[in-house]
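This report concerns only the one structure given below.
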Amino acid sequence: MTPRRATTTTSPLRWWAVPAVVGGIALALAPQAAQAAEPRETSGPVPPDATRAAGTVAAAARAAATAAAGQATVTVRAGDTVWAIARRHGLDIGAVLRANGLVWQSIIRPGDVLVLPAPAATVAPTTTAAATPAPTAHTYLVQRGDTLTAIAARQHTTVVALLGANGLTWSSIIYPGQRLTIPATDAGATGLDEEQIANARLIIRIGRELGVPDRGITIALGTAMQESWLRNLDGGDRDSRGLFQQRPSTGWGTAAQVAEPVYAIRAFFLGVDGPSGPLTRGLLDIPGWQSMTYADAAQAVQISAYPDRYGRWESAATQWLRALG
């Protein structure tokens, strides 16, 4: 696909030292850059009573409190974040926050001791099988105004699966009164929960509407997973918000706009224009994005402090697209 416009110029990055925080190291970016933060991490200004009071305890006090209970702990090191600690120990970040009385805005400092919660128990396969009936195919009567995309979304399936089950193609026309076979699907095979699946399907649907190639859609899926765990977050690093952690202060729109999933997804693909020209570049604005590596293409849009982290989602995002649409 031909990019919509030429590359814009970005300003140099500016670094400064800050304490270890739940959201990671703060990075000041040029007005054309999206701020890319680790999923669910924040590091913006926080009221004093929401940091030490709600958040951290000195190492000695924490160790004494947990030793008697026999709980595992970890001492915070310089540069640590709650997200990094959780990943290092194979734990959910939310569980780590709850175990330590922390909130997303809490600050941790070197020397603090965090409790490591026990990993979540695994449900026995027999229990899962009994609780989750196997999906079955059924039929749907097309209504006036229906589209394949809308039907697939309402029926919790994919357009690709819908086309295949009915011998249709992307150019096929459906009519009121027509009966379509709704194929059985197993969204659980994606490894995503309901919220993540809904957001992934929305990214796929909008990508299809815009004519974005499959590779571009997988890049968007992986980027959203890296930035927000495919969740529409109401906060992030400084003023970052939404699925892609786009920052109003760097030109991505108002706080309300970047928190609206449809707007955020379209902005990722198309960028944002201002009265005097482009404010940010979307994926389709990047010259040669289709020949870039997966991580480089995502980084060209997000301009992250962690450019190599997008690549780890390429395989999973490809599977999500195959399963969801």
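In the range 156-174, the count of residues that are open to solvent by 40 Å² or more (accessible area, probe 1.4 Å) and at pLDDT 90 or above is one or more. The residue list Y263, Y175 contains one member that is of a type in the set (F, W, Y), part of a loop (DSSP other than H, G, I, E, B) and over 11 Å from the mean Cα position of the chain (by Cα), which is Y175. Applying the condition of being in a helix (DSSP H, G or I) and charged (D, E, K, R) to the range 267-325 and asking which residue is least open to solvent (accessible area, probe 1.4 Å) yields D285. Restricting attention to the range 178-208, the residues being at pLDDT below 90, over 23 Å from I219 (Cβ atoms) and over 14 Å from the mean Cα position of the chain (by Cα) number 7. Scanning the range 229-245 for residues that are within 14 Å of E260 (Cα to Cα) and among the small types (G, A, S) returns G235, S240, G242. Being open to solvent by 20 Å² or more (accessible area, probe 1.4 Å) and modelled with pLDDT under 95, is that true of even one residue in the range 221-230? Among the residues of the range 221-230, at least one is open to solvent by 20 Å² or more (accessible area, probe 1.4 Å) and modelled with pLDDT under 95, which makes the answer yes. Remark: S249 matches the filter, which requires a residue to be farther than 24 Å from W313 by Cβ, among the hydroxyl-bearing types (S, T, Y) and in contact with a Lys or Arg (Cβ under 8 Å, 6 or more places away or on another chain). Taking the criterion of being surrounded by 24 or more Cβ atoms within 10 Å (Cβ to Cβ) and basic (K, R), the residues of the range 241-266 that qualify are R241, R247.
Look at the range 237-261: where a residue is closer than 16 Å to A220 by Cβ and at pLDDT 95 or above and a partner is open to solvent by 10 Å² or more (accessible area, probe 1.4 Å) and among the β-branched types (V, I, T), sitting 6+ places away or on another chain with Cβ atoms under 9 Å, you get Q246/V272; W252/V272. Select from the range 272-297 the residues that are under 18 Å from Q246 (Cα atoms) and of a type in the set (G, A, S) and list them in ascending order. Residues satisfying the conditions are G274, G282, A295, A297.
The values are calculated or read from the model by the stated rules, or taken from the named source; none is laboratory data. Nothing here was measured: the structure is a model prediction, and the numbers come from that model. Glycine gets a Cβ as well: all are built from the backbone with ideal geometry, and neighbour counts include every protein chain shown. To get the accessible areas, we keep the full protein, side chains included, count just its heavy atoms, and leave off ligands, DNA and RNA. Shrake-Rupley method; radii C 1.70, N 1.55, O 1.52, S 1.80 Å.
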